[in-house]
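**Q** Structure below; questions to follow.
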Amino acid sequence: MTVSVEVPATVPDDASALAQPLKRGDACTVVIFGAAGDLAKRKLFPALFHLQCDGLLHGDFALVGVAREPMTDDAFRQLVYESARDADDPSPAGEIDDEAWARFAPRLSYVQGDLTASDTYAAIGRRLGDIEAAREHSDGRLFYLAIPPSLYAGTITHLEQSDVAERVNRRSARPWVRVVVEKPFGRDLGSAKALNRAVRKAFAEHQVYRIDHYLGKETVQNLMVFRFANSIFEPVWNRHHIHHVQITAAETVGVEHRAGYYEDAGVVRDMFQNHLLQLMCLTAMEPPVAFQADAVRDEKTKVLRAIRRFSAAEMHDYSVRGQYGPGVIKGTAVPGYRQEPDVAPDSDTPTWAALRFLVDNWRWEGVPFFLRSGKRMERRVTEIAVQFREPPHLMFQDHDKTMTPNVIAIRVQPDEGISLSFDIKVPGVGVRMTAAKMDFSYGEAFGAAAHSAYETLLLDCMVGDATLFTRGDAVEAAWEVVDPVIEAWDDKDPEHFPNYAAGSWGPAIADEFIARDGARWRQP
Ligand code: BG6
């Protein structure tokens, strides 16, 4: 039995008004490379349009789409319209605010071109010149690389060599020039370093926004507020009180149409190097001295540097991998990974992994962090669960049967919120215990999420707040953490793949893996 205890409402009735951002974008032109691609259509265009609907774009905002496909400005507007209309995040698919669209559409235009050819950049330069000529002042320029990673370095070099993007400093006439680089940032430490070199040759670090969309999620940002704006959690947030931490990112989707990328990437490059390690950094970092980009990023990077490195011979103690076979999800039969389109019938690509990390510093010595992520799992859920130690002495007779550990669970998605589990006495004669839960739900307190992760992050780019973006040194530090795992796995073929059925919680060996530390996986 679970007893639910409601947190008293501390937010006012008009709480949704509180969810409006405190800032509005600067005057700028956003140039999206890869404007006919999946990311632009599914995430970026809907996000920009929603910022327009909420009045968060500057009066002097413009959007230029760039892609190889021939398209007129009107055809591009139609593409953006359909993307915004069909997105269901955050407003329901099929709906569009016509008045906001009438204000948005004239701000859009399109440049067709091959990103490997210099005349494309000359054409972009002319278009930007035309847009800015009508404004009588030079505005910010934001270049968004929503393109295949193989094109990142070349595009950055072209941006450097053409006049469209310049290194901006205090003496520059232009207020700012920024470039947004999507994940994956490299495929290992060596390639990430090479990409960082290309980026730094063209831009100063403060101009570079390496995006990780998990950092734009509301609850992920709330983790910092939860830890550092309250005084009751920090004193127990350490090795003296915490038994272990579990970070789960479970997906119900399979590889979808992305086998070309995923076959090479696998789950560790796709989810751990970026999203899961970022969640771990926010959970484990020391309090930053200020809520400012470098102060926060310094502390996160220190966590990555403190993660213990392990050798290939020890890999068995620190990692398990899996690949989904056929199964059933929400009543529907789905194929195994090896039966997915464009996947090799004998593929060894892992679609599930659990890694055990130790952080060698005073706060965390000896506390295992279990990170787990997989595709085609029973439920879509991302959460951070901090499990506390057992009381040192138990005086209740039936504690063996009923003890449940204290857990603070931060639900990142869906159903964003925070819960605290603890034991209580069952009413009646004699002492019997059961688990109770205090639950705070974002949805109940504030209604639906006001802004998607991409809206938050695009707005941050337009105001120059890099707090939620990954700095170059941190990206490299994260590759240093995961590279040994990937290399050890590459050297030893997995046995028994596929080893979990679609619709389950992952391979059975995972239970034994976590049990060695006296822990059990949560099934959130
Ligand atoms: C992406 C990965 O970065 O994150 C995908 O490439 C994954 O494979 C996705 O599905 C998960 O994001 P979200 O926001 O749906 O949890």
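**Q** So is Met377 within 16 Å of the ligand (Cβ to nearest atom), surrounded by 14 or more Cβ atoms within 10 Å (Cβ to Cβ), touching a residue at least 24 places away in the same chain (Cβ under 8 Å) and among the aliphatic types (A, V, I, L, M) or not? Let's see the steps before the verdict.
**A** Values: within 16 Å of the ligand (Cβ to nearest atom): yes; surrounded by 14 or more Cβ atoms within 10 Å (Cβ to Cβ): yes; touching a residue at least 24 places away in the same chain (Cβ under 8 Å): yes; among the aliphatic types (A, V, I, L, M): yes.
Considered against the rule, which asks whether it is within 16 Å of the ligand (Cβ to nearest atom), surrounded by 14 or more Cβ atoms within 10 Å (Cβ to Cβ), touching a residue at least 24 places away in the same chain (Cβ under 8 Å) and among the aliphatic types (A, V, I, L, M), Met377 comes out as yes.
**Q** How many of the residues making up segment 21-57 are of a type outside the set (A, V, I, L, M), within 18 Å of Asp97 (Cα to Cα) and in contact with an Asp or Glu (Cβ under 6 Å, 6 or more places away or on another chain)? Before the answer, list the steps.
**A** To start, the set of residues in segment 21-57 that are of a type outside the set (A, V, I, L, M) comprises 21, 23-26, 28-29, 33-34, 37-38, 41-43, 45-46, 49-50, 52-55.
Okay, now just the ones that are also within 18 Å of Asp97 (Cα to Cα), so 41-43, 45-46, 49-50, 52-55.
The next check asks that each one be in contact with an Asp or Glu (Cβ under 6 Å, 6 or more places away or on another chain); those that pass are 50, 53.
Number of matching residues: 2.
**Q** In segment 29-53, which residues are more than 22 Å from the chain's Cα centre (by Cα) and without any contact (Cβ under 8 Å) to a residue 60 or more places away in the chain?
**A** Result: Ala36, Gln52, Cys53.
**Q** Taking Asp342 as the residue in question, decide whether it is in a loop (DSSP other than H, G, I, E, B), away from the ligand (no atom under 16 Å from the Cβ), charged (D, E, K, R) and under 25 Å from Trp489 (Cα atoms). Working first, answer last.
**A** Values: in a loop (DSSP other than H, G, I, E, B): yes; away from the ligand (no atom under 16 Å from the Cβ): no; charged (D, E, K, R): yes; under 25 Å from Trp489 (Cα atoms): yes.
No: the conditions fail for Asp342.
**Q** Separate question: Consider Val177 carefully, then state whether it is within 16 Å of the ligand (Cβ to nearest atom) and without any contact (Cβ under 8 Å) to a residue 40 or more places away in the chain. Show your work before the answer.
**A** Values: within 16 Å of the ligand (Cβ to nearest atom): no; without any contact (Cβ under 8 Å) to a residue 40 or more places away in the chain: yes.
In short, no.
**Q** Quick one: which residue in Thr382, Thr404, Thr349 is of a type outside the set (A, V, I, L, M, F, W, C) and more than 16 Å from the ligand (Cβ to nearest atom)? Walk me through it before giving the result.
**A** Working: Thr382 fails: more than 16 Å from the ligand (Cβ to nearest atom); Thr349 fails: more than 16 Å from the ligand (Cβ to nearest atom).
Criteria check complete, one pass: Thr404.
**Q** Do we have Val334 as over 30 Å from Tyr209 (Cα atoms), among the hydrophobic types (A, V, I, L, M, F, W, C) and within 16 Å of the ligand (Cβ to nearest atom) here? Write out each step before concluding.
**A** Working: over 30 Å from Tyr209 (Cα atoms): yes; among the hydrophobic types (A, V, I, L, M, F, W, C): yes; within 16 Å of the ligand (Cβ to nearest atom): yes.
Yes: the conditions hold for Val334.
**Q** Considering only residues that are in a helix (DSSP H, G or I) and of a type in the set (Phe, Trp, Tyr), which ones fall in segment 139-161? Give the steps one after another, and end with the answer.
**A** Initially, segment 139-161 is screened for residues in a helix (DSSP H, G or I), giving 149-161.
Matches in segment 139-161: Tyr152 only.
**Q** What is the residue count in segment 468-524 for residues that are under 30 Å from Gln207 (Cα atoms) and assigned to a loop (DSSP other than H, G, I, E, B)? Give the steps one after another, and end with the answer.
**A** Going through segment 468-524, the residues under 30 Å from Gln207 (Cα atoms) turn out to be 468-483.
Those still in the list that are assigned to a loop (DSSP other than H, G, I, E, B) too: 468-469, 471.
Qualifying residue count for the region: 3.
**Q** Shifting gears a bit: Could you grab the pairs with beta carbons closer than 8 Å, sequence gap of 6+ or different chains, first residue in segment 140-158 and within 13 Å of Ala117 (Cβ to Cβ), second one among the charged types (D, E, K, R)?
**A** Thr157/Lys201
**Q** Same structure, new question: With respect to Ser118, is the statement that it is farther than 24 Å from Ile211 by Cβ and touching a residue at least 12 places away in the same chain (Cβ under 8 Å) true?
**A** yes
**Q** A follow-up question, please. Could you tell me whether any residue of segment 202-212 is buried (at least 19 other Cβ atoms within 10 Å of the Cβ), within 16 Å of the ligand (Cβ to nearest atom), under 19 Å from Ile410 (Cα atoms) and basic (Lys, Arg)?
**A** For segment 202-212, residues buried (at least 19 other Cβ atoms within 10 Å of the Cβ), within 16 Å of the ligand (Cβ to nearest atom), under 19 Å from Ile410 (Cα atoms) and basic (Lys, Arg): absent.
**Q** Can you name the residue in segment 422-468 that is small (Gly, Ala, Ser) and modelled with pLDDT of 90 or more and, of all such residues, is farthest from Phe143 (Cα to Cα)? Working first, answer last.
**A** If we filter segment 422-468 for residues that are small (Gly, Ala, Ser), which is where we start, we get 428, 430, 435-436, 441, 443, 445, 447-450, 452-453, 464, 466.
This time we only want the ones that are modelled with pLDDT of 90 or more, so: 436, 441, 453, 464, 466.
Working: Ala436: 50, Ser441: 36, Ala453: 18, Gly464: 13, Ala466: 15 Å.
Per the criteria, the residue is Ala436.
**Q** For residues that are basic (Lys, Arg) and modelled with pLDDT of 95 or more, tally how many sit in segment 152-182. Show your work before the answer.
**A** Within segment 152-182, the first condition is being basic (Lys, Arg), and the residues that meet it are 167, 170-171, 174, 178.
Now narrow it down to the ones that are modelled with pLDDT of 95 or more: 178.
Here the count works out to 1.
**Q** When you go through (1) in contact with a Lys or Arg (Cβ under 9 Å, 6 or more places away or on another chain); (2) more than 13 Å from the ligand (Cβ to nearest atom); (3) assigned to a helix (DSSP H, G or I) one by one for Gln246, which number turns out not to apply?
**A** So the condition that Gln246 fails would be (3).
**Q** Can you pull out the residues in segment 214-243 that are touching a Gly at 6+ places or on another chain (Cβ under 8 Å) and within 16 Å of the ligand (Cβ to nearest atom)?
**A** Quick first cut of segment 214-243, residues touching a Gly at 6+ places or on another chain (Cβ under 8 Å) only: 219, 239, 243.
Within segment 214-243, just Thr219 meets the criteria.
**Q** Can you give me the number of residues within segment 255-285 that are without any contact (Cβ under 8 Å) to a residue 24 or more places away in the chain and within 10 Å of the ligand (Cβ to nearest atom)?
**A** Result for segment 255-285: 3.
The values are calculated or read from the model by the stated rules, or taken from the named source; none is laboratory data. What you are looking at is a predicted structure, and each value in this text was computed from that prediction instead of being measured. Cβ: placed from backbone, ideal geometry, glycine included. Neighbour counts: every protein chain shown.
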